[in-house]
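The values are calculated or read from the model by the stated rules, or taken from the named source; none is laboratory data. All figures in this text were calculated on a predicted structure; none of them were measured in a lab. Please note: Cβ atoms are built from the backbone with ideal geometry, for glycine as well, and neighbour counts cover all protein chains shown.
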Amino acid sequence: MLFAYKATNKEGKPVSGTAEVANKQALLALLHKQELHPVLIEIDKGKGKSGKSLFRSKKKVKLQDLVIFTRQLSTMISAGVPLARSLSALQGDAQNPYMKEVLAGVAKEVEGGQPLGDAFAKYPDVFSEVYINMVRAGEEGGILDDILKRLALQVEQDASIRKKIKSAMMYPVVILTITVIAFFGIMLFIVPKLGTILTSLGGPNAKLPVYTQALLKISKFCTESSIPIPGLNKLPNLILFLILAVIGVIYLRRYIKTDKGKYKFHGLLLRLPIVKVVILKVAIARFSRTFASLMSSGVSVLDALDVTGAALGNKVIEGELKAAAEEVKNGKQLSDPISKSKHFPPIVAQMLAVGEETGQIDTVLVKIADFYEEEVTVLIDGLAAIIEPIMIVFLGAGVGLIAASVMGPIANLSKNIGNG
């Protein structure tokens with residue numbers, strides 16, 4: 001949801017802008033982190049109407065574009081080029097039109113005296129909370145160029161993992177989609193005609209195999225209208241089912257976007273056998289690398305835990321980190337609550353304990369991140385290798401079942417007619 005806001009900063013100067021966040025509470029939290037005092041918050045109706053439609057794609061910046069920008073900005077700052085000039089130069093070099101628009105806005109904010117982190121915060125759809133907080137830490141510590149190099153590496157790692165997951169899922173999704181379309185096409189156009197042929201050959205009382213009878217009943221249900229709807233009496237059950245399915249998916253997606261729905265959905269994912277393993281390994285790798293980067297940037301443990309939890313992409317694990325932060329606030333070492341976690345494996349707590357004893361938490365966590373990122377790569381490659389033959393077997397079995405349901409009875413009835 002897009003909000004427009006007016007606020008005052010620490011010096012009492014007026015600040016206005018827009019932010020796309022889940023709800024008003026999320027915007028208030030964002031403004032609080034920017035040390036802004038909100039004066040007026042309202043839904044940006046005008047931009048929301050023009051910016052979103054069924055026929056207009058949502059503006060976005062690819063992770064690769066963000067990596068290139070981050071590395072280039074780091075290089076220019078290391079070379080001593082002023083920040084505003086660097087942003088203007090990178091705006092001219094940007095290939096993505098929306099990235100040009102974003103960099104123009106960021107450059108304008110920086111020229112107006114805003115810190116770079118605060119300027120990035122006005123574009124939460126491009127720069128994540130982790131990205132913004134690490135930039136702020138770099139500005140405060142005077143190591144912005146080094147932080148940007150680490151950010152580029154982190155974004156590259158995230159992009160690599162997402163790419164591997166998408167490529168592994170592409171084949172089964174395409175095959176499944178084609179299979180479903182082909183199945184309903186057969187049910188709607190082929191099986192009814194074959195049913196007529198079987199009836200003409202064997203008569204209305206012909207004895208057909210169970211699986212053939214089931215196929216004919218499914219086809220009949222799909223093509224006929226059994227649910228009376230005023231004005232739509234002839235609407236086939238299949239069309240009605242698809243309409244209800246689309247409505248159900250829309251409402252389910254809206255529910256999942258709520259805090260309660262998102263928590264339940266993420267909890268469900270952590271109970272699915274194979275999905276659980278992938279999600280946990282990705283989350284642990286992301287936690288380790290993000291937390292290490294924040295700690296090495298001088299961010300406090302509590303702030304690092306808060307930011308890292310929001311970057312994991314799973315509300316259940318984020319809740320565990322919030323509980324861990326409360327125990328750290330009460331004087332415990334981070335390794336203690338992590339060791340009691342339901343989802344973090346024991347090795348993470350053990351490595352954290354070693355890092356706490358030696359004072360090298362960031363170094364230890366980077367090694368954990370490297371290990372789990374490699375585990376994710378191996379797991380996804382293995383799943384991709386297994387999924388393809390499994391999908392081929394299921395597809396072949398489905399085609400064979402349909403063929404047997406249709407051709408078998410035709411052959412038997414033809415033989416009976418021949419013998420008669």
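Can you work out which of the residues in region 96-155 that are surrounded by fewer than 16 Cβ atoms within 10 Å (Cβ to Cβ) and in a loop (DSSP other than H, G, I, E, B) is modelled with the lowest pLDDT? It comes out as 142.
Being surrounded by 13 or more Cβ atoms within 10 Å (Cβ to Cβ) and of a type in the set (Lys, Arg), is that true of even one residue in region 230-238? The answer is no, given that none of the residues of region 230-238 is surrounded by 13 or more Cβ atoms within 10 Å (Cβ to Cβ) and of a type in the set (Lys, Arg).
Yes or no: residue 136 more than 30 Å from residue 219 (Cα to Cα) and within 24 Å of the chain's Cα centre (by Cα)? Criteria not met by residue 136.
Scanning region 371-383 for residues that are modelled with pLDDT of 85 or more, surrounded by 14 or more Cβ atoms within 10 Å (Cβ to Cβ) and not aromatic (Phe, Trp, Tyr) returns a single hit, 375.
If the condition is being part of a helix (DSSP H, G or I) and of a type in the set (A, V, I, L, M), then region 61-75 contributes 63, 66, 67, 68, 73.
Condition (residue is part of a loop (DSSP other than H, G, I, E, B), modelled with pLDDT of 85 or more and either within 22 Å of the chain's Cα centre (by Cα) or among the aromatic types (Phe, Trp, Tyr) (or both)) applied to region 76-92: is it met by at least one residue? No, region 76-92 has no match at all.
Residues that are assigned to a helix (DSSP H, G or I) and without any contact (Cβ under 8 Å) to a residue 12 or more places away in the chain were ranked within region 315-335; the one that is nearest to the chain's Cα centre (by Cα) is 318. Note on region 342-377: residues that are basic (Lys, Arg) and assigned to a helix (DSSP H, G or I) total 1. Looking only at region 158-171, decide whether some residue is of a type in the set (A, V, I, L, M, F, W, C), at pLDDT 75 or above, out of contact with any helix residue (DSSP H, G or I) (no Cβ under 8 Å at 6 or more places or on another chain) and loosely packed, with under 14 Cβ neighbours inside 10 Å. Yes; the residues of region 158-171 include at least one that is of a type in the set (A, V, I, L, M, F, W, C), at pLDDT 75 or above, out of contact with any helix residue (DSSP H, G or I) (no Cβ under 8 Å at 6 or more places or on another chain) and loosely packed, with under 14 Cβ neighbours inside 10 Å. Within region 207-224, being farther than 18 Å from residue 241 by Cα and either of a type in the set (Ser, Thr, Tyr) or exposed (fewer than 15 other Cβ atoms within 10 Å of the Cβ) (or both) holds for 207, 209, 210, 211, 212, 213, 214.
Here's the yes/no breakdown for (1) farther than 30 Å from residue 145 by Cβ; (2) hydroxyl-bearing (Ser, Thr, Tyr); (3) touching a residue at least 60 places away in the same chain (Cβ under 8 Å); (4) surrounded by 13 or more Cβ atoms within 10 Å (Cβ to Cβ):
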residue	(1), (2), (3), (4)
248	yes, no, no, no
277	yes, no, yes, yes
293	no, yes, yes, yes
313	no, no, no, yes
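Applying the selection to region 21-37, what residues are modelled with pLDDT under 75, buried (at least 16 other Cβ atoms within 10 Å of the Cβ) and not in a helix (DSSP H, G or I)? Passing the criteria: 21, 34. Summed over region 330-361, the residues that are surrounded by fewer than 19 Cβ atoms within 10 Å (Cβ to Cβ) and farther than 22 Å from residue 319 by Cα give a count of 6.
Every condition in (1) surrounded by 13 or more Cβ atoms within 10 Å (Cβ to Cβ); (2) modelled with pLDDT of 80 or more; (3) more than 16 Å from the chain's Cα centre (by Cα) is met by residue 202 except one, and the failing one is (2).
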